[in-house]
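Enquirer: Have a look at this one.
Every number in this text was worked out from the coordinates using simple rules, so none of it is lab data. As the structure is a computational prediction, the values presented were derived from the model and not from experiment. Cβ placement follows ideal geometry from the backbone for every residue including glycine, while neighbour counts extend to all protein chains displayed.
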Amino acid sequence: MTRTFRQQADEQILDRAAALFARHGFEHTSVQAVADAVGLSKAGLLHHFPSKDALHAAVLAQSADLGQRVVDQVDHLPVGVARDRAAVEAMVDFALAHPGMVALLLAPVTQGDPGEAQAAGAGAAALRAFGV
């Protein structure tokens, strides 16, 4: 299915916001910083997401959705080598397409920041992809 320009813009915003939340945390990431990262004015960004809280909620929802997509790609396979290989391939595709989301998922591990542990929904999906 072809994504609309609006969907593509929203996905770019969410990925860049995820990277900033991973690097600086929610409290220290401003709407202006996200707008600057995607080349929009603050008002332009707020046209897509009406508040920082709405943006953060959308990032977490997108993260969970992307994690579920990985699970859906391998769920039909029995636990074992073939499923593991398919899961790794799906996760690599995910990582290449959404580096900001990956940064957010890894932030609790790499930075010891339990504040972003909410993004672990996709991390839990990764474990389910491997049948764990």
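Enquirer: What is the number of the single condition among (1) over 12 Å from the mean Cα position of the chain (by Cα); (2) more than 14 Å from residue 10 (Cβ to Cβ); (3) not hydroxyl-bearing (Ser, Thr, Tyr) that residue 54 does not meet?
Expert: (2)
Enquirer: Out of (1) in contact with a Leu (Cβ under 9 Å, 6 or more places away or on another chain); (2) over 30 Å from residue 131 (Cα atoms); (3) charged (D, E, K, R), the odd one out for residue 27 is which?
Expert: (1)
Enquirer: So which residues in the stretch 24-72 are over 15 Å from residue 98 (Cβ atoms) and among the charged types (D, E, K, R), if there are any at all?
Expert: Answer for the stretch 24-72, where residues must be over 15 Å from residue 98 (Cβ atoms) and among the charged types (D, E, K, R): 27, 36, 42, 52, 53, 72.
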